[in-house]
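First the structure, in the form of structure tokens, and then the observations on it.
All of the numbers you see were taken from the coordinates with simple rules; none came from a lab. Because the structure is a prediction, the values reported are computed rather than measured. Cβ coordinates were reconstructed from backbone atoms using ideal geometry, including for glycine residues, and neighbour counts include every protein chain displayed.
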Amino acid sequence: MLLDFLRQHDADTIFLVGDIVDTWQLRRGWFWPQTHNDVVQELLSKAQSGARVIYIPGNHDEGLRSYLGTHFGGIEVKKSAEHVAADGRRLLVTHGDQFDAIVVHAKWLAHLGDRAYDFALWLNIWVNRFRRIWGGSYWSLANWAKGRVKSAVNFIGEYEKVLAGEARRGRFDGVVCGHIHRANIRDIDGIRYVNCGDWTESCTAAAEREDGSLFLIDWAAAKRRRRMIEDLRAGRPLPEALRARRKRKKELA
């Protein structure tokens, strides 16, 4: 999904907002297929073609924080960055794990949570395999759980406020972050909060238009829409789940 996105999008500046290489997972067992190499090569190619690529390590790739200020094939490694949007707004760009009390003060609990998260992702693979058999589209179990579990919702809300407060103290107009895997753009007391999401659950990225406005690209949803249009043009029947949703909407209308 990420490789497909990178091949179809270019930008003057690309921020990799941490947890790009999951070293926590690699310590438990080496897994590095060809597609991972392809992603790295695509990013290096963009840097060599003139794009400014800035890598801000997160907690899962924290080992790269030993290389702050260095370059790898044209990719800069920085602790955080300032981005000035086309409309003049100053944005703080950071991974955001330093504002997560569990990561900072109870790392063992963060690792335990990471194991539970890996299990949720594994379960999500099987859920989506069954959904495809029945004609359903991609669905994120972890995102669904975060939206339903009260403690997770409260944590996300507080985390967003803390990040917005940090941006305000630094006299920034907004903050761009990752870490909690929850794509969102909203205003918090005059501060623009932007979380770009991830490429393990939501398959989302944050982007800037030429006028400086920010928006989220939901690549999984975009691919679903494109596939549906192609099916309609080819005269192929729509998936049963989609037909059922359309029928329900008509009945409600």
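Label Gln48 and Leu3 with points 7 Å out from Cα along Cα→Cβ: what is the distance between them in nm?
Result for the modelled spin labels: 1.8 nm.
Treat each spin label as a single point 7 Å out from the Cα along the C-beta direction, and report the Ala221 to Arg236 distance in nm.
In this crude label model, Ala221 to Arg236 measures out at 2.3 nm.
Give the separation of the Cα centroids, the stretch 24-96 to the stretch 180-196, in Å.
20
Using a simple spin-label model with points 7 Å from Cα along the Cα→Cβ vector, what separation in nm is obtained for Ser213 and Arg90?
Going from the Ser213 label point to the Arg90 one covers 2.5 nm.
To make sure I understand, if each residue's beta carbon is the centre and we count other beta carbons within 10 Å, what order do Ser80, Ser202 fall in, fewest to most?
The order, fewest Cβ neighbours first, is Ser80, Ser202.
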